[in-house]
Every structure is written in C-alpha cells, then in structure tokens.
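Written out below as structure tokens is the structure these notes cover.
Values in this text are rule-based calculations from the coordinates and carry no lab data. Every value quoted in this text rests on a predicted model; they were computed, and no experiment measured them. Please note: Cβ atoms are built from the backbone with ideal geometry, for glycine as well, and neighbour counts cover all protein chains shown.
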Amino acid sequence: MGFFNKFIFSMGKFEKYPDMVKQGVGKAFLYLFLFTLLFGTIHSIIIGFQINKDIGGFVSDISGNIPEFTFSNGVLDVKEPMPIIHEDLDGSTLIIDTTGQTTPDILDQYESATLILSDQVITKENGFKSEAFSFGDFVGITFDQDDIVDKLPLLQWFSFIAAFFVWIGFFIGKLFSSLLLALVGLILAAIRKKKLSFGSLYSLAIYALTVPILLDILLQVFSADLHNLVYYVIAIAYMWLAMKHFSPKEESEFSEPIDTY
C-alpha cells in the first residue's frame, strides 16, 4: 500500500485503517516522513513567506526612519536635531541625544525607556531596573547609517533559515502529537474493548493526524490557525471511528509485537 493510497484512506476510509496499521510502526513512520516532505514543506514555505514579509516591512521602516549618524572608536554622533524622543504604543520610550545635553537623570520621568548617548546605552524597565551598555568595547570599529541600510536586506535570509527549522519542528511535533494520541488511544481501546498494542495505537494515531494537519495548513494560507483542542478532537474522533473496524482476529494480531520494518 503506497503513500498516496494511505493518504486518501486516512481522510475517511476507516475500514482501511486496520490494513494500514497492520504494516507496522516503521511504515507509519515512513508515511509521516513522506507526509512531512510534502505538506511540511508547504507549511514551512508559508511560515517562511510570512517571516520574510515581516522582515521586509521592518527593513523598510528602519531604512526610511534611521537618522543620519556615524559611529567611530566607541563614540556615536547623530546628525539630527536632538533630543530625539520616540514613544511606542506599548508605553516604552526611546530617547537619543549624543550632544551631551541630556543626562541619565531623564529616565526618572519614564516607567520604561531606552536612552542612547554618545558613549553608552541605558535601559530602564519596570520603573526601577536600569542597565548600561558602554560603547567603549567597540574601539576601532567605524560605520554609519548607510552601512546599516546596506546590510539590513541580509536579514531576509533569516526567513530561509527559519523555514528549515520550522520543517524540522513540524516533523518532531507530529511525532510528539502521535505519542500523546497513542496514550489517549489506550483509553479509547479500553472503552471499545479492543486489544491493541501501543505500537498499533501509535501507528493509528499517525494516520488519524492526516486531516487535522491538512486543515491547519489550509487555515494558515488564510492567516488563521486551527485551535489545538479542535486539532486533537478531530484526530481522536478519527481514531475512535477507525477502531470500530478492527475485528477480533485482527486485534489478536495487533496485540502482539509487530515487525516494524
């Protein structure tokens, strides 16, 4: 029974589940791997595209709003009227003044703020915590706003790296989800009075995840998510319906260790 047959059967041919489970955990694992190669890649591309879009917006905002400055031998010089004060919607404030006219005492006026001076950055959080970061450690380094703007587009390569790790996470996540569902399957099997080994329940769980995974990926195309509860309820429902088709004879086979490869 090939991958595409299993894929079709997993979506609603409950009477085929015993035949698929009978092939063992190894074949179920292979099904999940091939499923990940196909749909996990689609999932990764969607996430990577969203990250790339967000980074692109960030790069555009920074490129258009970054003030003219030079940084040389541990000294920052911003060539704009100062102080520059920017208040965010979250209540935090950014203050920039490299003229020496603004002192750290200005932070006393704010609950959460960042002060950038010519020789250091001082942050304040929660009304009392402050940390200073000195530029003195960067003596010998020189750059300006044009260097930053030229390098910002390189951040978009992060989306490709992120997409790869999303793919890995997709596969590992489904293995873990199958494990949780197999544990739930022990309860379902007891209720159904089906004698199934844990390996058989694990295989069953892998195939039962097909539909909720597809629904989750489909919703992501429209920038939505399938709630975790709905995700697992669908999979559990598939396992419950599939167990109905395990005959007593098949149960005796599945209650014994199965050759997984």
**Study point:** Charge dipole (debye, nearest 20) of the chain; +1 at Cβ of Lys and Arg, -1 at Cβ of Asp and Glu
**Key:** 2720 debye
Review point. Going down the table (K22/K174; K6/K53; K27/K53), which pairs top 29 Å between alpha carbons?
Key: K6/K53; K27/K53
Practice item. Enter the per residue convex hull volume of segment 27-144, computed from alpha-carbon coordinates, in Å³ rounded to the nearest integer. Key: 191 Å³
**Study point:** Karplus-derived HN-Hα couplings along segment 32-39 (A = 6.51, B = -1.76, C = 1.60, θ = phi - 60°), whole Hz, x at Gly and Pro
**Key:** 5, 5, 5, 4, 5, 4, 7, 8
Exercise for review: Could you run the Karplus curve 6.51 cos²θ - 1.76 cosθ + 1.60 with θ = phi - 60° over segment 148-156 and give me ³J(HN,Hα) per residue in whole Hz, x for Gly and Pro?
Suggested key: 5, 4, 5, 8, 4, x, 5, 4, 5
Review point. Between F58 and N126, what length comes free when the chain is fully extended (0.36 nm per residue of separation minus the Cα-Cα distance, one decimal in nm)?
Key: 21.9 nm
Point to revise | Fraction of the pair-distance distribution of segment 157-229 above 17 Å, Cα-Cα pairs, percent | key: 56 percent
Point to revise | Within the chain, helix-based [θ] at 222 nm, where runs of 4 or more DSSP H residues each add -39,500 (n - 2.57), nearest 500 | key: -17000 deg cm²/dmol
**Study point:** Label-point gap, in nm, between L175 and I8 - each point 7 angstrom along Cα→Cβ
**Key:** 3.0 nm
Practice item. Determine the shape class of segment 74-139: with a ≥ b ≥ c the square roots of the Cα gyration tensor eigenvalues, call it rounded for a/c under 1.5, and otherwise prolate if a/b is greater than b/c, oblate otherwise. Key: oblate
Check your understanding: By counting other Cβ atoms within 10 Å of each Cβ, how are I96, I46 ranked from fewest to most?
Key -> I46, I96
Revision key, fill the gap. Subtracting the Cα-Cα distance of T142 and L215 from 0.36 nm times their residue separation yields 21.2 nm
Revision key, fill the gap. Diffing segment 196-208: the Karplus 3J(HN,Hα) column from phi (6.51, -1.76, 1.60, θ = phi - 60°), in whole Hz with x for Gly and Pro, holds 10, 6, 5, x, 5, 5, 5, 4, 4, 5, 4, 5, 5
Revision key, fill the gap. The rounded separation in angstrom of the Cα centers of segment 1-22 and segment 149-218 is 18 Å
Review point. S118 to S92: extension gain in nm, 0.36 nm per residue of separation minus the Cα-Cα distance?
Key: 7.3 nm
Practice item. Show the residues, 5+ positions off or on another chain, whose built amide H is closer than 5 Å to the amide H of Q120. Key: F135
Review point. Regarding the chain, what whole-number volume in Å³ per residue does the convex hull of its Cα atoms give?
Key: 184 Å³
Practice item. State the Kirkwood hydrodynamic radius of segment 83-202 in Å, one decimal place, computed from all pairs of distinct Cα atoms. Key: 19.9 Å
Exercise for review: For a label point 7 Å from the Cα of A237 along Cα→C-beta, name the residues of segment 11-45 whose backbone N is under 17 Å from it.
Suggested key: 11-15
